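Structure first, then comments.
Derivation of every value follows stated rules applied to the coordinates shown; laboratory data play no part. Quick caveat, the model's predicted, so the values are computed rather than measured. Every residue, glycine among them, receives a Cβ derived from its backbone with ideal geometry; neighbour counts consider all protein chains shown.
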Amino acid sequence: SQQGEEDPQALSIQEGENATMNCSYKTSINNLQWYRQNSGRGLVHLILIRSNEREKHSGRLRVTLDTSKKSSSLLITASRAADTASYFCATAGNSGNTPLVFGKGTRLSVIA
Amino acid sequence: ETGVTQTPRHLVMGMTNKKSLKCEQHLGHNAMYWYKQSAKKPLELMFVYNFKEQTENNSVPSRFSPECPNSSHLFLHLHTLQPEDSALYLCASSQTTGVPDHTQYFGPGTRLTVL
């Protein structure tokens, strides 16, 4: 399975601090995506990084990908209370019809 | 709003009831998905439809029956459910299934409780 595994399972930080979440996977991928989910709601796509990319930025988000280690990290800088949510990585295989595989997620709590 | 709506948002049903979940996407996508999300478990893919054809059935019990009448609508018919089927059921859509870098757009989910 190419399932992503996020680490840590839960993270609690103060507002203004940076939050780093990690994702590891098992097989080769076409791309890796990060999603966010507010409690009891649907997932929202944050950012996609392709297997030939090493780093990508979007606003306060920074994603890195290390295909040699089969791992990715999501960094949220200058966190806000509104960033409190669960964050999931999802991997897409090289075969076009392979569905996304989601990890269990990291629950981030940002305390004001 | 992501352009994907789900109804109802909450559903409580007995084990002998029959109910249906509805999903509608307004994004012009051709692929639609049902996921099950239980506490402390990874998101579980249930069914995938691409251009109205089912392309994935992830060993889902027959008490869950999907229906995709067109590319914009997806239903999940429920009957004779078990308490362990209580979960958040999420619908998603994407442009198609054939390209790996398409992202998925999720609805808000239906919180299902089976008594």
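For a quick size check, give me the Cα extents of the protein assembly as shown along its three principal axes, largest first, whole Å.
Projected onto the principal axes, the Cα atoms of the protein assembly as shown cover 49, 39, 30 Å.
Starting from the Cα of A:Ser68, step 7 Å along the direction of its Cβ; do the same at B:Lys40; then give the gap between the two resulting points in nm.
Calculated label separation equals 3.8 nm.
Just the number: Rg to Rh for region A:1-42, Cα atoms, Kirkwood Rh, two decimals. Please list the in-between numbers first.
On the way: Rg = 13.0 Å, Rh = 12.6 Å.
Reported Rg/Rh, Kirkwood definition of Rh: 1.03.
To the nearest whole percent, what portion of all C-alpha pairs in region A:27-95 is separated by more than 13 angstrom?
The calculated P(r) of region A:27-95 puts 64 percent of pairs beyond 13 Å.
Would you list which aspartates and glutamates come within 14 Å of B:Lys18, measuring only between C-alpha atoms, while excluding same-chain residues fewer than 8 positions from it?
B:Asp85
For chain B, give the magnitude of the charge dipole about the Cα centre (Cβ charges: +1 Lys/Arg, -1 Asp/Glu; no others), in debye to the nearest 20. Working shown, then result.
Numbers: 10 positive and 9 negative charges, 83 e Å.
So the dipole magnitude of chain B works out to roughly 400 debye.
For the pair A:Glu17 and A:Ala81, how long in nm is the line joining their label points, each one 7 Å along Cα→Cβ?
1.7
Tell me the net charge near A:Lys26. Cut-off is 13 Å between Cβ atoms, A:Lys26 excluded, with +1 for each Lys or Arg and -1 for each Asp or Glu.
In short, +1.
Once the Cβ-Cβ distance between B:Thr16 and B:Arg111 is put in as r, and R0 is 25 Å, what FRET efficiency do you end up with, to the nearest 0.05?
So, using R0 = 25 Å, E works out to roughly 0.80.
Lys/Arg Cβ at +1, Asp/Glu Cβ at -1, dipole of chain A taken about the Cα centre: which of A:Ser28, A:Ser51, A:Asn94 is farthest positive-ward?
Value: A:Asn94.
Cross-link list B:Lys22/B:Lys52; A:Lys56/A:Lys104; A:Lys26/A:Lys69: which exceed 19 angstrom alpha carbon to alpha carbon? Mind showing how you got there, number by number?
Working: B:Lys22/B:Lys52 15 Å; A:Lys56/A:Lys104 23 Å; A:Lys26/A:Lys69 9 Å.
Exceeds cut-off: A:Lys56/A:Lys104.
log₁₀ I(q)/I(0) of chain B at q = 0.10, 0.13 Å⁻¹, via Debye over equal Cα point scatterers, no solvent, to two decimals?
Each listed q maps to, in turn, -0.26, -0.44.
Count charges around B:His73 for me, please; just the other residues with Cβ under 13 Å from its Cβ, Lys/Arg as +1, Asp/Glu as -1.
Spelling it out: positives minus negatives among the neighbours equals 0.
Any idea what the relative contact order of chain A is, in percent, if you count C-alpha pairs under 8 Å spaced at least 6 apart?
Relative contact order for chain A comes out at 38 percent.
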